[in-house]
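Undergrad: Below you will find the structure I want to go over with you.
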Amino acid sequence: MTRSLSRIAAVFMAAIVAIAPIPSTAQSAQETAFVMALMESMNTLSIRFNREVCGYVLRHANGAYSSTKVSWGGPASCASLPVEDGFVVASSWHTHAAWDPAYDGEVPSIQDVEGDMRMGVNGWVSTPGGRLWFVDGRTGSIRQICGRGCLPVDENFGAEDFGPVSESYTLDGLYARFGRDR
């Protein structure tokens with residue numbers, strides 16, 4: 001299955017779990033710290049097994065964060081498990097698996113961003129080059145939380161094979177980077 005079709009399937013599966021949209025807001029320092037720690041281990045496993053890993057960040061009444069049970073996908077897709085009733089989804093998260101010289105995996109894909117926007121949640125994406133991105137689920141804008149090498153890096157990573165990676169993008173900017181019309 002192509003990367004685009006896999007992403008569409010993942011978004012469709014996420015919609016089926018009927019997560020109630022919550023207002024998108026900027027991430028808190030506490031959520032960022034939680035995601036950084038989570039992605040430290042998940043990026044290592046994702047690269048090692050060349051499979052995307054995904055889930056949801058949950059926000060608890062006491063302000064603490066946790067993750068849903070981890071879902072394992074394929075090299076270019078991942079569908080998160082349903083969220084149990086009573087939990088508040090703060091954001092989605094996933095990795096981009098191992099480095100693929102045929103795919104620009106150092107930025108969130110258009111499907112990643114549009115999927116978060118459809119679900120009404122913010123998102124987090126880690127890359128094989130060790131970057132961590134934050135996706136604003138309301139506006140579709142994305143920005144690097146930390147740059148190349150801040151998370152574990154695939155030893156086969158081809159630095160900037162698809163051109164320089166900006167610190168931030170709009171959804172239109174992603175369309176331009178991937179050479180697609182909106």
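What follows draws every value from the coordinates through simple rules; no lab data is involved. Since the structure is predicted, the reported quantities are computational estimates derived from the model, not experimental observations. Note: ideal-geometry Cβ built from the backbone for every residue, glycine included; neighbour counts use all protein chains shown.
Undergrad: GluC sites (Glu not before Pro) within segment 119-178: which are DSSP loop residues with at most 10 other Cβ atoms inside 10 Å?
TA: Working: sites: E155, E160, E167; in loops: E155, E160, E167.
Passing both the DSSP loop test and the Cβ count: E155, E167.
Undergrad: Counting other C-beta atoms within 10 Å, and keeping those with at most 14, which DSSP coil GluC sites (Glu not before Pro) do you find in segment 44-120? Please list the in-between numbers first.
TA: Working: sites: E52, E84, E106, E114; in loops: E52, E84, E106.
Taking segment 44-120 and a limit of 14 other Cβ atoms within 10 Å, the loop GluC sites (Glu not before Pro) found are E84.
Undergrad: What does DSSP give for the chain in terms of the percent of beta bridges that are antiparallel, rounded to the nearest 5? Please list the in-between numbers first.
TA: Working: 22 of 27 bridges.
Close to 80 percent.
Undergrad: Right, next: Using 7 Å Cα-to-Cβ label points, what is the A29/A159 separation (nm, one decimal)?
TA: With each label point 7 Å from Cα toward Cβ, the separation is 3.1 nm.
Undergrad: Report the charge-dipole magnitude of segment 3-177 in Debye, nearest 20, computed about the Cα centre from +1 at each Lys and Arg Cβ and -1 at each Asp and Glu Cβ. Please report the intermediate quantities before stating the final value.
TA: Working: 12 positive and 18 negative charges, 56 e Å.
The calculated dipole for segment 3-177 is roughly 280 debye.
Undergrad: If you don't mind, there's one more thing I want to ask. What percent of all Cα-Cα pairs in the chain falls into each 10 Å bin, going from 0 up to the bin containing the maximum distance?
TA: 10, 42, 39, 9, 0
Undergrad: Can you list the DSSP H helices in the chain whose Cα atoms extend at least 15 Å along the helix axis and whose mean Kyte-Doolittle hydropathy is 0.0 or higher?
TA: 3-16, 29-49
Undergrad: Name the trypsin sites (Lys or Arg not before Pro) in segment 68-155 that are in a loop by DSSP and that have at most 12 other C-beta atoms within 10 Å, would you?
TA: For trypsin sites (Lys or Arg not before Pro) across segment 68-155 that sit outside H, G, I, E and B with at most 12 neighbouring Cβ atoms in 10 Å, the list reads K69.
Undergrad: Mind listing the phi-derived Karplus ³J(HN,Hα) values for segment 165-172, rounded to whole Hz, using 6.51, -1.76 and 1.60 with θ = phi - 60°, and x for any glycine or proline?
TA: Values, residue by residue: 9, 6, 6, 8, 9, 9, 4, 4 Hz.
Undergrad: Further question: Once amide H atoms are placed 1.01 Å from N in the peptide plane, what residues at a sequence separation of 5 or more from I145, or on another chain, have their amide H within under 5 Å of its amide H?
TA: Under 5 Å from the amide H of I145 lie the amide H atoms of L132, W133, F134, each far enough along the sequence or on another chain.
Undergrad: Could I ask something else about it? What full-extension length gain, to one decimal in nm, is calculated for Y175 and S67 as 0.36 nm per residue of separation minus the Cα-Cα distance?
TA: Working: separation 108, 0.36 × 108 = 38.88 nm, distance 3.00 nm.
Taking Y175 through S67 to full extension adds about 35.9 nm, to one decimal.
Undergrad: As a test of the formula, what do you get for the chain when each DSSP H run with n ≥ 4 contributes -39,500 (n - 2.57) and the sum is divided by the residue count, at 222 nm and rounded to the nearest 500 deg cm²/dmol?
TA: Per the formula, -9000 deg cm²/dmol.
Undergrad: Under a plain spin-label model, where a point goes 7 Å from the Cα along Cα-to-Cβ, how far apart in nm are H60 and T139?
TA: 3.2
Undergrad: Which ³J(HN,Hα) values in Hz, rounded to whole numbers, follow from the phi angles of segment 151-158 under the Karplus curve 6.51 cos²θ - 1.76 cosθ + 1.60, where θ = phi - 60° and Gly and Pro get x?
TA: Values per residue, Gly and Pro as x: 10, x, 10, 5, 5, 8, 4, x Hz.
Undergrad: Follow-up. Counting only residues 5 or more places away or on other chains, whose amide H sits under 5 Å from the amide H of S77 once H atoms are built in the peptide plane?
TA: Amide H neighbours of S77, under 5 Å, 5+ apart: E52.
Undergrad: Explain nothing, just compute: Karplus ³J(HN,Hα) = 6.51 cos²θ - 1.76 cosθ + 1.60, θ = phi - 60°, for every residue of segment 52-63 in order, whole Hz, x for Gly and Pro.
TA: Rounded to whole hertz, the list is 5, 10, 8, x, 10, 8, 9, 10, 9, 4, 7, x.
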